[in-house]
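Written below as structure tokens is the structure these notes are about.
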Amino acid sequence: MNYTVINHDLTVCNIKITGVSVSSVFLVGDTNTISMASAFDTPPESLIIGPTVQIEQ
């Protein structure tokens, strides 16, 4: 399969994200490098780790 991609100007004024999943990546435009970071604002003693939920395919 052959296809052609033509990138034009892209302007994004506002993005509202209301939630994230266990692992999320949100991309706008071209990306050469993705750097991962983590932020956790709940005290460690209140973290409860339970069984993982299986995702249907």
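Shown here: Rg and Dmax of the Cα atoms in Å, derived from the displayed model; of the candidates (i) 17.8, 53; (ii) 17.4, 58; (iii) 16.4, 48, it corresponds to (i). Among Thr42, Thr11, Thr31, the largest mean-square fluctuation in a Gaussian network model of the chain, built with springs joining Cα atoms closer than 10 Å, belongs to Thr42.
Since every read-out is calculated from the coordinates, none of them should be taken as a lab result. A quick note: this is a predicted structure, and the numbers were derived from the prediction, not measured.
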